[in-house]
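The values are calculated or read from the model by the stated rules, or taken from the named source; none is laboratory data. This is a predicted model, so every value here is computed, not measured. With ideal geometry, Cβ positions are generated from the backbone for all residues, glycine too; neighbour counts draw on all protein chains shown. Keep in mind that these areas ignore ligands, DNA and RNA; they rest on the heavy atoms of the full protein, side chains included. Shrake-Rupley method; radii C 1.70, N 1.55, O 1.52, S 1.80 Å.
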Amino acid sequence: MDLNNNTILITGGTSGIGLEFTKQLLALGNTVIITGRNQEKLDETKKLLPKIYTFQSDVSDPKAITELYKKVITQFPNLNMLINNAGEMRKINLNNLNIGLEDITREIDINLSGPIRMVQQFLPHLKTQKTSAIINVTSGLALVPFPISPIYGATKSGLRSYTKSLRVQLKNTSIKIFELVAPAVKTPLNDKFTDDVDNKTFMNPDKLVSITLKGIAKNQLEISPGSVKAIKILSRLAPAFLLKQISKPVDKLLKS
Ligand SMILES: NC(=O)c1ccc[n+]([C@@H]2O[C@H](COP(=O)([O-])OP(=O)(O)OC[C@H]3O[C@@H](n4cnc5c(N)ncnc54)[C@H](OP(=O)(O)O)[C@@H]3O)[C@@H](O)[C@H]2O)c1
């Protein structure tokens, strides 16, 4: 996939991995459009990177997706790439019986329903483009449960499954379906987890995105940088051991 002169929509482009995609894709000469919920963060990002275009839009709201589609397609009829990046990860104690029924599935609305609905909404347009691509950002936590963040892991394995099905169903189209199976990365997403995991080994977002863009340029449909390679092997050879290691934050939580 040629990574110059595309028109690219990135959900959650104001922070972490999305912001890094924005910087690097802009530097390669693409038109970059980003979304996020927080208008101040969008304004700050626009100040930092004046050539980008910003739209306030909540990916968990189907009406907001339809509104976004109408505005983006009118203003950018050449849109040919969608990066489903926006996401949230929460620490949830399932023993806490006060969690509301809407609140418990919030990450499903953002991390799983969000990308599925974005694809559904933008697919007819992407099919009209000569070459186009969808990049879904999943996680090494799609390969093994992360019990301290039980809904997050479920959303990422769900998104991975959906992405594989989408690729099969679109095999006769000009749309390439990429999956970034991201390892742990130094971004604000992990701020709530500093007591639970050692972030010294986390990858920097600039390195992650640089590896990912090289992979996309080579049409590598599944990109699994850094520690994800080890997770893939361990999840096959020693799944019980891996789950035990990754469950340590819950053991600590249950003792406190
Ligand atoms: N960091 C990691 O270790 C890691 C590892 C594997 C996978 N990932 C995945 O990588 C993606 C990016 O994560 P990150 O670490 O870069 O997180 P981050 O720094 O917290 O950034 C998240 C971005 O998503 C936006 N966002 C969140 N909820 C949204 C919503 N409902 N609608 C629209 N935008 C929304 C945020 O802006 P607003 O808050 O203003 O909406 C922000 O721009 C996520 O899908 C995450 O699951 C991250």
The range 1-97, relative contact order [Cα under 8 Å, separation at least 6], %: 33
Protein accessible area in the chain, 1.4 Å probe - carbon and sulfur %: 54
Per-residue [θ]222 nm for the chain (sum of -39500 (n - 2.57) over DSSP H runs n ≥ 4, rounded to 500): -13500 deg cm²/dmol
Straight-distance crosslink candidates among aspartates and glutamates, where the alpha carbon sits under 18 Å from LYS192 and sequence neighbours closer than 8 are dropped: GLU88, ASP103, GLU107, ASP251
Sites SER247 and ILE116 - FRET efficiency at Förster radius 30 Å, r taken between beta-carbons, to 0.05: 0.55
Most mobile of ILE233, ILE177, ILE151 in a GNM of the chain (Cα contacts under 10 Å): ILE233
Length-normalised contact order for the chain - Cα pairs under 8 Å, 6+ apart - percent: 19
Under-5 Å amide H pairs with PHE146, H placed in peptide plane, nonlocal only: GLY153
Angle in degrees between helix 62-75 and the longest Cα principal axis of the chain, rounded to the nearest 10: 30
Candidate lysines - alpha carbon under 23 Å from LYS171, same-chain residues fewer than 8 apart omitted: LYS127, LYS130, LYS156, LYS214, LYS218
LEU28-ASN204 FRET efficiency (beta carbon distance; Förster radius 25 Å; 0.05 resolution): 0.85
Listed residues PRO183, PRO62, PRO77, most fluctuating in the chain (Gaussian network, C-alpha, under 10 Å): PRO77
Principal semi-axes in Å for the range 7-255 [√(5λ), Cα gyration tensor, largest first]: 29, 20, 18
Candidate aspartates and glutamates - alpha carbon under 20 Å from LYS23, same-chain residues fewer than 8 apart omitted: ASP2, GLU40, ASP43, GLU44, GLU179, ASP206
Average accessible area per residue (Å²) across the chain - probe 1.4 Å, nucleic acids and ligands excluded: 50
